[in-house]
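Engineer: Below are the structure tokens for one structure; questions will follow.
The values are calculated or read from the model by the stated rules, or taken from the named source; none is laboratory data. In this text, all values refer to a predicted model and were calculated from it rather than measured experimentally. Please note: Cβ atoms are built from the backbone with ideal geometry, for glycine as well, and neighbour counts cover all protein chains shown. With ligands, DNA and RNA removed, areas are computed over all heavy atoms of the protein, side chains included. Shrake-Rupley method; radii C 1.70, N 1.55, O 1.52, S 1.80 Å.
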Amino acid sequence: MRRRRAFWFWVFVGPFAAGLALFTYVPLLWSVGLSFFDAHNTVTPTDFVGLDNYTAMLKDSAFTGSLRTFLVFTAFIVPVTFALSLALALMVNRVRRAQAFFRSVFFLPAACSYVVAALIWKMSIFNGVRFGLANTLLGWFGTDPVAWLSTTRPPWYWLVIVTVRLWLQAGFYMILFLAGLQRIDPVLYEAAAVDGARPGWTVLRHITLPQLRATSVAVLLLLVINAFQAFDEFYNLLSDARGYPPYARPPLVYLYYTALGQGQNLGLGSAGAVILALIIAIVTVGQARWLRLGRSEEE
Amino acid sequence: MDDALVRAGRALRAVVLVVLALLFLIPFYLLLRNGLSSERDITSPEWTFFPTELRWGNVRELFDDPSVPFARSLLNSALIAVATTLGTLLLASLAGYGLARIPYRHANKVFYGILGTLLVPAAVTFVPSFVLVSSLGWVSTLRGLIVPTLFSAFACFVFRQYFLGFPGELEDAAQVDGLGHWRTYWLVVVPNARPVFAAVGTIVFLGAWNSFLWPLVIGQDQSAWTVQVALSSFTTAQVVRLHELFIAAAMSILPLLVVFLCFQRWIVAGVERSGID
């Protein structure tokens, strides 16, 4: 009986588990191995170089600069997306008519790819020349056109990069907050009304937000993880036929050019991937622990 | 007094929502506007909200342009998205069911092994995965674009959570009728789990259609370009025919908008039950 159950378990789970092992665990281990070799243009290198790839990566100012880019990006995108999606959810939740309409409109960009969104932003809204929408609007107020994506000081490109992602993902997180709001027991609001709490800010602060705590934690984690994975919009907004500018390169863009650019330095790229994976794991676990600690103190 | 305040607040909220909704819709409008405009209208320094003429011929021009492998890339994307969705649904639902419903001593260990891969962000593994796929000789093949993406720990996790909450009576009845695990699964479980299949399916389909980094890395040859890679290579090219680019982008989101509008309810349900929190 027990052996039959084991047999059927592996019939169901086996194919998936084997594929996952082959396409996740094997590449990871292989990559760790490669990171100790000099692997230019080859996946079967012979030159063992020890930790050289790691020290080279950590001393490389372009790599550390890419981590700084990620930090700046996160500092913008996480709070702004959080605030906007929460605000959208609170407003849409209170709307009585046309709720489905508003929900759809805000969620609709989630169907759009970063490539398409970056195209609209780069070639239509934030084009450096006068026919871009933003510069046309500025022109109506008598302001000179701004070269949005190629001005490094002041760094207007952050505005472009942040708004693309905001448009694409705010609706997704709004759905998560809406789900959280619908789980709040209406009795809590009735009790607050009986206690004389004025609707609005007080109720929001003392009932709604604390009740949304679990959702907020999940949203924060997802936002940070997703920010670390930023690649599509940076690549499509900032690179052109001449290549990628030296500023605003997040880690993945940098790794892409290291491992698959002209040199195809897979050893160096693997070392970078391992370092990045470690940083992400530490940040994620740290963040999860920190946020959960906060919750257990409260209870 | 209080009543007036409440009403004013409600009106203000409505105005804010309408303005935000318009802002969210403008990019879609720009896509269509530019896609159906002449080159001159797009780059005119006198920007107008409506183009001076609507050129539906842009669509034909795009498909007739021999320098743009657009039809091929659409086909590739469609093949990849459909195959990825079907494959993921099959593999992940079987695994999720096994993990949730077949008692086995080491089930938890296997589950944690699967869950652990969620900690390794997919985007960080593109270098190692590229190394593996290129050593298999799968670069620039549809196989290389599809097979490695079929094993979604996220999808497996969602299925497991769903099947955990499945009523046991259904399966008990099937056992009484003498059905084994395999037939119980296909005849009883799957027909009763349509919502989760629809939810996961649409999420996977959207993800596969919109995915960019992996197709960019693996689709090095033009014949293996997906729609996203093709569009991206046009945007970063030196010479761009803007109206073609925009109509191409509009065409690329059309299938998704259809899927999206038909299955929106399922996507929302899927997102809500995706196990975060």
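Engineer: Counting only GluC sites (Glu not before Pro) that are in a DSSP loop and have at most 16 other C-beta atoms within 10 Å, tell me the longest site-free stretch of chain B.
Structural biologist: B:54-277
Engineer: A further question follows. Can you tally the net charge around residue A:149? Count Lys and Arg as +1, Asp and Glu as -1, for every other residue whose Cβ sits under 14 Å from the Cβ of residue A:149.
Structural biologist: Net charge in that neighbourhood comes out at +2.
Engineer: How big is the accessible area of residue B:82 in square angstrom, nearest 10, if you roll a 1.4 angstrom probe over the protein chains?
Structural biologist: 70 Å²
Engineer: If you take all C-alpha pairs in segment A:188-290, what percent of them are over 23 Å apart?
Structural biologist: 52 percent
Engineer: If you don't mind, another one. Using the Cα atoms of chain A, I'd like the radius of gyration and the largest Cα-Cα distance, Dmax, both in angstrom.
Structural biologist: Just the Cα atoms of chain A yield Rg and Dmax of 24.0, 82 Å.
Engineer: For segment A:107-117, take each phi angle, set θ = phi - 60°, evaluate the Karplus expression 6.51 cos²θ - 1.76 cosθ + 1.60, and give the result in whole Hz per residue in order, putting x for glycine and proline.
Structural biologist: Along segment A:107-117, the couplings run 8, 3, x, 4, 7, 8, 8, 4, 5, 5, 4 Hz.
Engineer: May I pose another question? Cα extents of segment A:150-207 along the three principal axes, largest first, in whole Å?
Structural biologist: Each principal axis gives a Cα extent; for segment A:150-207 these are 57, 22, 11 Å.
Engineer: Taking loop as defined by DSSP and a crowding limit of 15 other beta carbons within 10 Å, which trypsin sites (Lys or Arg not before Pro) in segment A:177-237 fit?
Structural biologist: Those satisfying the criteria are A:183.
Engineer: With Cβ to Cβ distances under 12 Å as the rule, what net charge do the other residues near residue B:248 carry (K, R +1; D, E -1)?
Structural biologist: -2
Engineer: Given R₀ = 56 Å, what would the calculated FRET efficiency be for residue A:291 paired with residue B:48, taking r from the Cβ atoms and rounding to 0.05?
Structural biologist: Once rounded, the FRET efficiency stands at 0.70.
Engineer: With every protein chain kept in the model, how would you rank A:122, A:59, B:109 by accessible area, 1.4 Å probe, largest at the top?
Structural biologist: From most accessible down to least: A:59, B:109, A:122.
Engineer: Rounding to the nearest 20 debye, state how big the charge dipole of the protein assembly as shown is about its Cα centre with +1 on each Lys and Arg Cβ and -1 on each Asp and Glu Cβ.
Structural biologist: Here the protein assembly as shown has a charge dipole of around 960 debye.
Engineer: May I ask for the equivalent-ellipsoid semi-axes of segment B:1-120, computed as the square root of five times each C-alpha gyration tensor eigenvalue and listed largest first in whole Å?
Structural biologist: 46, 35, 11
Engineer: Note down the magnitude of the dipole of segment A:105-251 about its Cα centre, charges +1 on Lys and Arg C-beta and -1 on Asp and Glu C-beta and zero elsewhere, to the nearest 20 debye.
Structural biologist: 280 debye
Engineer: Tell me which residues come under 5 Å, amide H to amide H, from residue A:240 once H is placed; ignore anything under 5 positions away on its chain.
Structural biologist: Counting only residues 5 or more places away or on other chains, the set is empty.
Engineer: Continuing with the same structure: Thinking of segment A:1-123 as a set of Cα atoms, what percent of all their pairs are more than 27 Å apart?
Structural biologist: Roughly 61 percent, once rounded to a whole number.
Engineer: Nearest 0.05, what FRET efficiency do residue A:48 and residue B:72 give at R0 = 45 Å with Cβ-Cβ as r?
Structural biologist: 0.55
Engineer: Computed FRET efficiency, Cβ-Cβ of residue A:162 and residue B:161, R0 35 Å: what is it to the nearest 0.05?
Structural biologist: Taking R0 as 35 Å, the efficiency between residue A:162 and residue B:161 is 0.60.
Engineer: Non-local amide H neighbours of residue A:37 (under 5 Å, H modeled in plane, Pro and chain starts lacking H): which ones?
Structural biologist: A:49
Engineer: For segment A:99-224, what size does the Cα cloud have along each of its three principal axes, sorted from largest down, in whole Å?
Structural biologist: In descending order, the Cα extents are 58, 31, 30 Å.
Engineer: Right, next: Mind checking the mean number of beta-carbon atoms from other chains within 10 Å of the Cβ atoms in A:39-50?
Structural biologist: For peptide A:39-50, the averaged partner shielding equals 1.
Engineer: Restricting the calculation to Cα positions, tell me the Rg (one decimal) and the Dmax (whole number) of segment B:119-178 in Å.
Structural biologist: Considering segment B:119-178 through its Cα atoms, Rg and Dmax are 18.6, 51 Å.
Engineer: Any chance you could tell me what percent of the C-alpha pair distances in segment A:66-122 go past 14 Å?
Structural biologist: Roughly 69 percent, once rounded to a whole number.
Engineer: Could you pull out the longest piece of chain A with no exposed loop chymotrypsin sites (Phe, Trp or Tyr not before Pro) in it, calling a site exposed if DSSP puts it outside H, G, I, E, B and it has at most 14 other Cβ atoms within 10 Å?
Structural biologist: That would be A:1-140.
Engineer: Using helices alone, I'd like the mean residue ellipticity at 222 nm for the protein assembly as shown: each DSSP H run of four-plus residues gives -39500 (n - 2.57), total over residue count, nearest 500.
Structural biologist: -22000 deg cm²/dmol
Engineer: How large is the Rg to Rh ratio of segment B:135-277 when both quantities use alpha carbon positions and Rh follows Kirkwood?
Structural biologist: For segment B:135-277, the value is 1.11.
Engineer: Rank A:227, A:182, B:136 by how far each Cα sits towards the positive end of the charge dipole of the protein assembly as shown (+1 on Lys, Arg Cβ; -1 on Asp, Glu Cβ) and give me just the farthest.
Structural biologist: A:182
Engineer: Next question. Report the net charge of residues surrounding residue A:68, where surrounding means a beta-carbon distance below 14 angstrom and charges are Lys +1, Arg +1, Asp -1, Glu -1.
Structural biologist: Charge balance in the 14 Å sphere: 0.
Engineer: A follow-up question, please. Have a look at B:8, B:254, A:265 and report the one farthest towards the positive end of the charge dipole of the protein assembly as shown, computed about the Cα centre with Cβ charges (Lys/Arg +1, Asp/Glu -1).
Structural biologist: Of the candidates, B:8 comes out farthest on the positive side.
Engineer: Please list 3J(HN,Hα) in residue order for segment A:4-20, calculated via the Karplus relation 6.51 cos²θ - 1.76 cosθ + 1.60 where θ = phi - 60°; whole Hz, with x for glycine and proline.
Structural biologist: Values per residue, Gly and Pro as x: 5, 5, 4, 4, 5, 4, 6, 4, 7, 8, x, x, 5, 4, 5, x, 4 Hz.
Engineer: Quick one: grab Rg to one decimal and Dmax as a whole number for the protein assembly as shown, Cα atoms only, in Å.
Structural biologist: Rg and Dmax of the protein assembly as shown, Cα atoms, are 25.3, 82 Å.
Engineer: Still on this structure, please answer the following. So, with a 1.4 angstrom probe, what is the percent of accessible area on the protein assembly as shown that is carbon and sulfur?
Structural biologist: Carbon-and-sulfur percentage of accessible area, whole number: 64.
Engineer: Hey, another quick one. Evaluate the charge dipole of chain A about its Cα centre and quote only its size in Debye, nearest 20, assuming +1 on the Cβ of each Lys and Arg and -1 on the Cβ of each Asp and Glu.
Structural biologist: I would put it at about 860 debye.
Engineer: State which helices in chain B qualify, where a helix is a whole DSSP H run, it must extend 27 Å or more along its own axis by its Cα atoms, and its mean Kyte-Doolittle hydropathy must be at least 1.0.
Structural biologist: Span-like helices here: B:2-35, B:70-101, B:242-272.
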